[in-house]
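Trainee: Below is one structure. I have some questions about it.
The values are calculated or read from the model by the stated rules, or taken from the named source; none is laboratory data. Because the structure is predicted, anything quoted here is derived from the model rather than measured. When we count neighbours, we look across all protein chains shown, and the Cβ atoms used for this are built from the backbone with ideal geometry, even at glycine.
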Amino acid sequence: MPKQIYLDYAATTPIDEEVLEAMMPYLKKDFGNPSSLHHFGQITRVAIDQTRKKAARFLNCSESEIVFCGSATEANSLAIFGVVKALQKKIKKPFHIITTKIEHHAVLHPFEELEKQGVEVSFVAPNKIGIVETKEIKKAIKDNTVFISVMYANNEIGTVQPIEEIGKLISQINKNRKQKIYFHTDAVQAVNYLDCDVQKLKVDLLTLSAHKIYGPKGVGALFIKKGTPIEPIIYGGGHEFGLRSGTENVAGIVGLGKAIELVEKHKGDTERIKNLRDKIIEEVLKIPNAKLNGSRENRLPNNVNVSISGVEGESLVIALDQEGIAVSTGSACSSHELKPSHVLLAIGLSPKSTHGSLRITLGRFTTEDEIDYFLKVLPKVVKRLREISPF
Ligand SMILES: Cc1ncc(COP(=O)(O)O)c(C=O)c1O
């Protein structure tokens, strides 16, 4: 029996050895401040620029369109508050912005905050299988819509949104408009598996996070298409083209660069992960009254999210943890709250059934033996919990 089985890759990924190796010099001897003119500073400046090059190549954009931030949460806030602030200065009339009901809180809460401040916001609902349909976005667009944010892949149910199709729709609409609509996507969960070419996706802004791609925590990046109106949300020494002041997290940024490089190298592993995912889905659905949440086809190759009636998700997570298996209920950020998941509610689950949801997410280091062990343990744990459940 394997000792510790980690099946929570959507919450965070273990750091890749190669990433750690790349970072180490910048935590030790190469400690210079990248803003310093001397030799120490030049070494770290070059290291940051190399990551910028790698990120730009990965996203198919230019280096000057990449801004490093302290997390994807911060990158999302910069995208949303930054663009809205710039547009408020420019337009000087009330305008309308759009997002979806299934965004991560790092997008949802900034939109809710803007709504409180008086900006008109539409929250578009997904369909029953967790996809935000392009036609629903089209319906929500008004004459004064100026900003839309739709996540690329959902962190709870793994559903992949039609970003390229929405991007096409928006650029079509923009052709007949004086005031352009700017399009942002939170691609945090997509980077490992989906094409993030910003030209193909036709997005103006895209967010990514290092710790979801085997890099360090506390590093994010935002692609900002040249010409997009945007104001900083953090003020200071004018780092990152004036958009994100604060001495750069050099080691973290170097780690992000290496992690991006490795995403490209490990693309061939996707099929193996997908096969393991499919094995889990097939076996878990044999448990009586277990149901898959989200689309079977349009979902990330590493995501399984199931509702198992008659058990509490939290009890299941704790019981599995005692067996050496780490999984999650809903999203990591909200799993300490006992509130029903907003994503599961949005796809039509009742508050009661959202509590029996389990998220199993796989990754680079997941093995078939681990999955076999998990599949052996899970039905027994469910049976035991059902016997003592008050439901
Ligand atoms: C879709 C999505 N967006 C944003 C974030 C926040 O990322 P970070 O932890 O880098 O702030 C997460 C993390 O769970 C996520 O899954």
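Trainee: Which members of the range 140-174 meet the condition of being assigned to a loop (DSSP other than H, G, I, E, B) and crowded, with 22+ Cβ neighbours inside 10 Å?
Mentor: Within the range 140-174, VAL150, MET151, TYR152, ASN154, ASN155, GLU156, ILE157, GLY158, GLN161 qualify.
Trainee: For the list (1) out of contact with any helix residue (DSSP H, G or I) (no Cβ under 8 Å at 6 or more places or on another chain); (2) crowded, with 19+ Cβ neighbours inside 10 Å, I need the number of the one condition that GLU17 fails.
Mentor: (2)
Results for (1) closer than 19 Å to GLN117 by Cα; (2) modelled with pLDDT of 95 or more; (3) in a helix (DSSP H, G or I); (4) touching a Leu at 6+ places or on another chain (Cβ under 9 Å), shown as yes or no for each residue.
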| position | (1), (2), (3), (4) |
| --- | --- |
| TYR26 | no, yes, yes, no |
| SER35 | no, yes, no, no |
| GLY41 | no, yes, yes, no |
| THR44 | no, yes, yes, no |
| THR51 | no, yes, yes, yes |
| VAL67 | no, yes, no, yes |
| LEU78 | yes, yes, yes, yes |
| THR99 | yes, yes, no, yes |
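Trainee: Restricting the range 175-225 to residues that are without any contact (Cβ under 8 Å) to a residue 40 or more places away in the chain and within 13 Å of the ligand (Cβ to nearest atom), which is surrounded by the fewest Cβ atoms within 10 Å (Cβ to Cβ)?
Mentor: Checking each candidate, the answer is ALA187.
Trainee: Any idea which of GLU120, GLU136 is among the charged types (D, E, K, R) and closer than 28 Å to LYS212 by Cβ?
Mentor: Exactly one residue qualifies, and that residue is GLU136.
Trainee: Now a separate question. Consider the range 12-46. How many of its residues are hydrophobic (A, V, I, L, M, F, W, C) and either closer than 18 Å to GLY218 by Cβ or touching a residue at least 40 places away in the same chain (Cβ under 8 Å) (or both)?
Mentor: Of the residues in that region, 8 qualify.
Trainee: Counting only residues that are out of contact with any helix residue (DSSP H, G or I) (no Cβ under 8 Å at 6 or more places or on another chain) and either among the basic types (Lys, Arg) or modelled with pLDDT under 95 (or both), which one in the range 232-268 is farthest from LYS380 (Cα to Cα)?
Mentor: Among those that are out of contact with any helix residue (DSSP H, G or I) (no Cβ under 8 Å at 6 or more places or on another chain) and either among the basic types (Lys, Arg) or modelled with pLDDT under 95 (or both), it is LYS265.
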